[in-house]
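Here the structure comes first, spelled out in structure tokens, and everything after it is commentary.
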């Protein structure tokens, strides 16, 4: 735990001078998005009778250079297994994603931009099983630092305060504990908007 705190604290301290300087040149950006998450876990389709479910999140972007942003965001994935499991049992999966990374944009036209984001993540994974005859049991994987990254496109509207984007992001999160062994990362396909504050 102390190691993770030191790593995150060091990263923030290194970026503060650049952020303070850039804030004098460019605006502050709020972000909200939603879409589908496709988990990489091999048992997901069998357990939940689907290949994907909804994910949503929000975050902020802080400029550090021209078309380069420090991004911080949080997203939530929550899904419950189909009700036809034996013994009236149920299975709930919760994954929480925290991202800290960089977003770079490359203009393709005055209104359209190509974008790419990447950085580190912390993903919490929690599974809860229950049935009519047995009390619920919750298993949680330890928190570990992983990575994320992926491309997207962004459309600037005529309003300088608003733009819309679409991203395809891969999150890597592997669990080695025997109770929840496997890959709990996955691919998200999301659309969202940026609201720029001057």
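Any chance segment 129-139 includes a residue that's modelled with pLDDT of 85 or more and under 22 Å from the mean Cα position of the chain (by Cα)?
no
When the residues of segment 96-142 are filtered to those that are under 18 Å from residue 76 (Cα atoms) and touching a helix residue (DSSP H, G or I) at 6+ places or on another chain (Cβ under 6 Å), which remaining residue is surrounded by the most Cβ atoms within 10 Å (Cβ to Cβ)?
That would be 141.
When both residues are 6+ apart or on different chains and their Cβ atoms are under 7 Å apart, which pairs have a first residue that lies in segment 155-167 and is farther than 14 Å from residue 29 by Cα, and a second that is assigned to a strand (DSSP E or B) and at pLDDT below 90?
Taking only residues 6 or more apart or on different chains, not a single pair turns up.
When only residues in segment 50-67 that are farther than 18 Å from residue 191 by Cα and within 19 Å of the chain's Cα centre (by Cα) count, which is surrounded by the most Cβ atoms within 10 Å (Cβ to Cβ)?
Within segment 50-67, the match that is surrounded by the most Cβ atoms within 10 Å (Cβ to Cβ) is 62.
Can we say residue 164 is touching a strand residue (DSSP E or B) at 6+ places or on another chain (Cβ under 9 Å), closer than 21 Å to residue 126 by Cβ, in a strand (DSSP E or B) and modelled with pLDDT of 95 or more?
Spelling it out, it is not the case that residue 164 is touching a strand residue (DSSP E or B) at 6+ places or on another chain (Cβ under 9 Å), closer than 21 Å to residue 126 by Cβ, in a strand (DSSP E or B) and modelled with pLDDT of 95 or more.
Considering only segment 70-91, I want to know if a residue exists there that is assigned to a strand (DSSP E or B), crowded, with 19+ Cβ neighbours inside 10 Å, over 13 Å from the mean Cα position of the chain (by Cα) and at pLDDT 95 or above.
yes
Any residue in segment 166-174 that is more than 21 Å from residue 70 (Cα to Cα), within 21 Å of the chain's Cα centre (by Cα) and surrounded by 13 or more Cβ atoms within 10 Å (Cβ to Cβ)?
yes
If you go through segment 8-30 one residue at a time, do you hit one that is out of contact with any helix residue (DSSP H, G or I) (no Cβ under 9 Å at 6 or more places or on another chain) and at pLDDT 90 or above?
Yes: segment 8-30 contains one or more residues that are out of contact with any helix residue (DSSP H, G or I) (no Cβ under 9 Å at 6 or more places or on another chain) and at pLDDT 90 or above.
If we scan segment 55-62, do we find a residue that is more than 17 Å from residue 167 (Cα to Cα) and modelled with pLDDT of 90 or more?
Checking segment 55-62: at least one residue is more than 17 Å from residue 167 (Cα to Cα) and modelled with pLDDT of 90 or more.
Of the conditions (1) closer than 25 Å to residue 60 by Cβ; (2) at pLDDT 90 or above, residue 145 satisfies every one except a single condition; which number is it?
(2)
The values are calculated or read from the model by the stated rules, or taken from the named source; none is laboratory data. Being a predicted model, the structure only gives us computed values, none of them experimental. Counting neighbours? That spans all protein chains shown, and the Cβs are built from the backbone with ideal geometry, glycine included.
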